[in-house]
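Step one of this worksheet: look at the structure below.
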Amino acid sequence: MNAGCHDTGSPQTKKHLAVKGSPLIALAGQPNVGKSTVFNLLTGLNQHVGNWPGKTVERKEGKFKYAGREYRLVDLPGTYSLTANSPEELITRDFILTEAPDLVVALVNAANLERSLYLVAELITLPAPLVVVLNMMDVAGQAGITIEANVLEAALGVPVIPLTATHAESTPHLLESIKKMVTSDVVQTPRVPEIRADHQEILDKMLCLLGEFVPSPYPENWVALKLLEGDREITQKMQAVLPPDRWGQIHALLKDHDDAMLAIASGRYEWIGRLTRAAVIHPKIGQISLTDRLDRWAAHPVFGLVLLGFILGLVFWLTFSLGSPAQQWFNTQIITPFGMMVNSWLAGSAGWLRSLIVDGIIGGVGSVLTFLPILIIFFATFGFLEDVGYMARAAYVMDNFMHWMGLHGKSFLPLFLGFGCNVPAVIGTRVIDSRKSRLLTILLAPFVPCTARMAVLAFLAPAFFGSQAIWVIWGLVFFSLFILVVLGVVLNRVLFKGERSAFIMEMPLYHIPNLRTIGMLIWQRSLSFVKKAGTIILLISVVVWALSVLPDGNIEHSALARIGQLVEPVGRWMGMDWKLTVALLTSFVAKENAIATLGILFGGVQDNGLSQTLATIYSPATALGFLTVSLLFIPCAATMSVIRQETGSWKWTFVNIGIMLVVSIAAGTAVYQIASALGL
């Protein structure tokens, strides 16, 4: 062979010495394989959630101890491959190559091994040592699938560990394997996939041409394969470092063999086929699994929609029927007594200081904190649906319905996330392949009533409508969703000329939800809410309080009153005075600020409570107008910044704000006028 050429047929041996200090472990896998469950199982509360530098993709890091040693664990984004088609794929492969983790733990779905092994086919070619974890072994067993882990381990040449992450007792084997891999010298000779035989010579030529020009830390064989696959990032990187004549030869080779990507994929699928034939025993033909039986109803085009409607109704019923009494108890037993106690403590202090703490901070932030019971129940119900595997079915049965708006079922997933928070809903549109469908989904996502908006509903509706409050809440929520559908149809026809796109989505198997994972989700999201209450909402509460007492301490003559009176004429269309209008404006920062502002303006720590105070001042018609416009008002600042980031355009951000402003004012005015005409 010529200089610079490599024998691609020889085994790729990986040699790694024992690690000193805290080993760095990377957790990799495709979506829906249980990575979050394993991550939470190992790290517990000792974890940090943020974003990758320069990305909106979530970064989860944690630590755990085993046998007296601390380990660092990074949960890499879920991805199906390591080709530069998405930020998740780039983050995963760049972390493994540049950060050089001491071990990569690759999770695969034991119940869908053929699909899950495709990512392993790429991970096994990278320099980091590898352990493969067969998660969801219980689900595989329920489906009649048997996997011989020892046979698969011998065929792969790397450790294979069966695991049921929902059962904590199955983790010691995993922890012991991790310890063994990083605390002793390791030599792995994995059996890697080979390119299809008719393209092996092309790969050899590519390696010869690359020679010594492949920059560290990229493996030469991996770079050659990525060039043949047409990977954009690697192509640009190599074009920058190769001499022009050498790049010209490589470009010509790529041009003459543009089918090389298929040859690489075929080689990987042949490799997967050999592994599964050796190690997997499938159920007998004709055997119907539990997932198949459940999907006869959950994925049915008619019954599936009925079931989805029932589930959504059940979620709202649980959230508000259980959450509202808990919220009232939290307010009367904790927030109000605490405010009165602080007020008595400060009896001898300056009036402005007592007003700041009691009316500004406790009255504002305390009113918002009463949302917490409602949010906990909501997070729990949606976490359960997500973990059990129902969300993909919801997207599937909504496909035809979504086509009315020029979207498809995949758009339902980010819109569904919007019930929790509009920020991840906008970020979640990345799963949509079509640029126009993604843009339309982004414009519609803020119309989904998030937990903060629905908490405002749950806070005020019972005071105005008593036992009928649940029907008012449901009616307003479905009214906002009706507006979303109508607006989607109009925007699709006007802006996107009625275009449609295809819908392809993986259906995960049903499985028993992991209570620890759901608990961690509730904890993280509730903690995020409390942090927001203690930072952003606290700051806005202090600002609103200051504006409400300056310049002379009389709220009717305050700077806040002047601001409210400027926009009050528009508010009057919806039956709102300047105080309600100001509360609506402050919700731009965070939707919960509407209640925080009202708590300051009306004294949220009074014995009868804020909601009851409002009910004695305003009519039900005004309440309906205020709640309607609150549901549809412009997105909060965080959502707006994410829209700007995801669209890459201030134009579309302001288009979204303009649409929501017009729609919310029009809807609020219409609802108020109709309710007033009916004598409410």
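Inspect the stretch 658-680 for any residue being among the aromatic types (Phe, Trp, Tyr) and under 24 Å from Ala469 (Cβ atoms) and give the result as yes or no.
Yes, some residue in the stretch 658-680 is among the aromatic types (Phe, Trp, Tyr) and under 24 Å from Ala469 (Cβ atoms).
Thr291 fails exactly one of the following numbered conditions: (1) modelled with pLDDT under 80; (2) more than 31 Å from the chain's Cα centre (by Cα). What is the number of that condition?
Here Thr291 clears every test but (2).
What single numbered condition from (1) free of Cβ contacts under 8 Å to residues at least 60 places away in the same chain; (2) closer than 30 Å to Phe213 by Cβ; (3) in a helix (DSSP H, G or I) fails to hold for Glu233?
Of everything listed in (1) free of Cβ contacts under 8 Å to residues at least 60 places away in the same chain; (2) closer than 30 Å to Phe213 by Cβ; (3) in a helix (DSSP H, G or I), Glu233 misses just condition (1).
Name the residues in the stretch 560-590 that are at pLDDT 85 or above, not in a helix (DSSP H, G or I) and not charged (D, E, K, R), would you?
Answer for the stretch 560-590, where residues must be at pLDDT 85 or above, not in a helix (DSSP H, G or I) and not charged (D, E, K, R): Met574, Gly575, Met576.
For the stretch 188-213, which residues satisfy the criterion of being touching a Pro at 6+ places or on another chain (Cβ under 7 Å) and surrounded by fewer than 16 Cβ atoms within 10 Å (Cβ to Cβ)?
Matches in the stretch 188-213: Thr189 only.
Hey, any hits in the stretch 331-338 for a residue that's surrounded by fewer than 19 Cβ atoms within 10 Å (Cβ to Cβ), closer than 30 Å to Leu547 by Cα and at pLDDT below 80?
Scanning the stretch 331-338 turns up at least one residue that is surrounded by fewer than 19 Cβ atoms within 10 Å (Cβ to Cβ), closer than 30 Å to Leu547 by Cα and at pLDDT below 80.
Given Ser641, Ser630, which one is within 23 Å of Leu443 (Cβ to Cβ) and either in contact with a Pro (Cβ under 7 Å, 6 or more places away or on another chain) or modelled with pLDDT of 85 or more (or both)?
Ser630
Do we have any residue at all in the stretch 585-604 that's among the aromatic types (Phe, Trp, Tyr) and under 26 Å from the mean Cα position of the chain (by Cα)?
Yes: one or more hits.
List, please: which pairs have Cβ atoms under 8 Å, are six or more places apart or on different chains, and start with a residue in the stretch 569-582 that is in contact (Cβ under 8 Å) with a residue 40 or more places away in the chain and end with one that is of a type in the set (D, E, K, R) and in a helix (DSSP H, G or I)?
Met576/Glu568
Return only the number of the condition from (1) modelled with pLDDT under 85; (2) crowded, with 18+ Cβ neighbours inside 10 Å; (3) farther than 25 Å from Arg232 by Cα that Ser10 does not satisfy.
(2)
The values are calculated or read from the model by the stated rules, or taken from the named source; none is laboratory data. In this text the structure is predicted, and so the values were computed from the model without any measurement. In this analysis, Cβ positions are derived from the backbone assuming ideal geometry, glycine residues included, and neighbour counts consider all displayed protein chains.
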